[in-house]
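First up is the structure itself, then whatever we jot down about it.
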């Protein structure tokens, strides 16, 4: 089994990565493999509603990480996505990529446990986690919890390392992610799949 940890910050060794590492160490302690995915510095594309992904499950823009992230998420058993707080929300570049990842390939992620974490200087942590959790909630992805909102405080990795509660929250999340994955594995094929239904869409403006 493997968990993918997505660093949604342009800083490769910043506060977000520090939190992800804490969760990753907890996950690895259960014998589960971890892998990192770095968003990087861009440039990034927003969705243009071209609808080409409806038939390909790929985004038409190949020069940013969206399709690589689709492949990485599809090949893993669980996902944790981390973001710095920008104006009380997630990194806009990260959201631009995730909009396309989930719109193009959401069916490939159904049933995979996923969680979000956020790092802030002072405020905006809760709406950031809420923003990211919506990707999971509308794609049938179980969300493991921690002991508090999934976040830590600090403007850099050194400051985050001083947030004892924040790091404990990351470890608890990592342990709960690992436990959920092991429980899913132990259940094997004893849990039936959802009955297939065609997607129903209702537009309220007629």
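So in the range 43-59, with the set limited to residues that are touching a helix residue (DSSP H, G or I) at 6+ places or on another chain (Cβ under 8 Å) and under 17 Å from residue 95 (Cα atoms), which one is surrounded by the most Cβ atoms within 10 Å (Cβ to Cβ)?
59
Among the residues of the range 122-135, write down those that are under 13 Å from residue 79 (Cα atoms) and touching a residue at least 24 places away in the same chain (Cβ under 8 Å).
Passing the criteria: 132, 135.
May I ask you to say which residue of 92, 78 is under 15 Å from the mean Cα position of the chain (by Cα), surrounded by fewer than 23 Cβ atoms within 10 Å (Cβ to Cβ) and under 30 Å from residue 165 (Cα atoms)?
Step by step, each of 92, 78 is checked, and only 92 is under 15 Å from the mean Cα position of the chain (by Cα), surrounded by fewer than 23 Cβ atoms within 10 Å (Cβ to Cβ) and under 30 Å from residue 165 (Cα atoms).
Please enumerate the residues belonging to the range 25-74 that are more than 13 Å from residue 97 (Cβ to Cβ), under 18 Å from the mean Cα position of the chain (by Cα) and touching a residue at least 12 places away in the same chain (Cβ under 8 Å).
Scanning the range 25-74 gives 25, 26, 27, 32, 33, 34, 35, 36, 74.
Could you check how many residues of the range 60-72 are in a loop (DSSP other than H, G, I, E, B) and surrounded by 15 or more Cβ atoms within 10 Å (Cβ to Cβ)?
4
With respect to residue 76, determine if the residue is in contact with a strand residue (DSSP E or B) (Cβ under 7 Å, 6 or more places away or on another chain), assigned to a loop (DSSP other than H, G, I, E, B) and at negative phi.
Criteria met by residue 76.
Tell me, which helices (runs of 4 or more DSSP H) lie completely within the range 95-198 with 1 or more residues that are at pLDDT 95 or above and closer than 13 Å to residue 80 by Cα?
125-137, 164-187
Is there any pair with a first residue in the range 144-168 that is touching a residue at least 40 places away in the same chain (Cβ under 8 Å) and a second that is surrounded by fewer than 16 Cβ atoms within 10 Å (Cβ to Cβ) whose Cβ atoms are under 6 Å apart and which are 6 or more apart or on different chains, and what are they?
155/121
Does residue 86 qualify as being more than 25 Å from residue 185 (Cβ to Cβ), at pLDDT 95 or above and either surrounded by 15 or more Cβ atoms within 10 Å (Cβ to Cβ) or touching a helix residue (DSSP H, G or I) at 6+ places or on another chain (Cβ under 9 Å) (or both)?
Here the answer is yes, as residue 86 does meet what is asked.
The values are calculated or read from the model by the stated rules, or taken from the named source; none is laboratory data. Treat the numbers as computed from the prediction; the structure is a model and nothing was measured. Because the Cβ atoms are built from the backbone with ideal geometry, glycine has one as well, and the counts that use them run over all protein chains shown.
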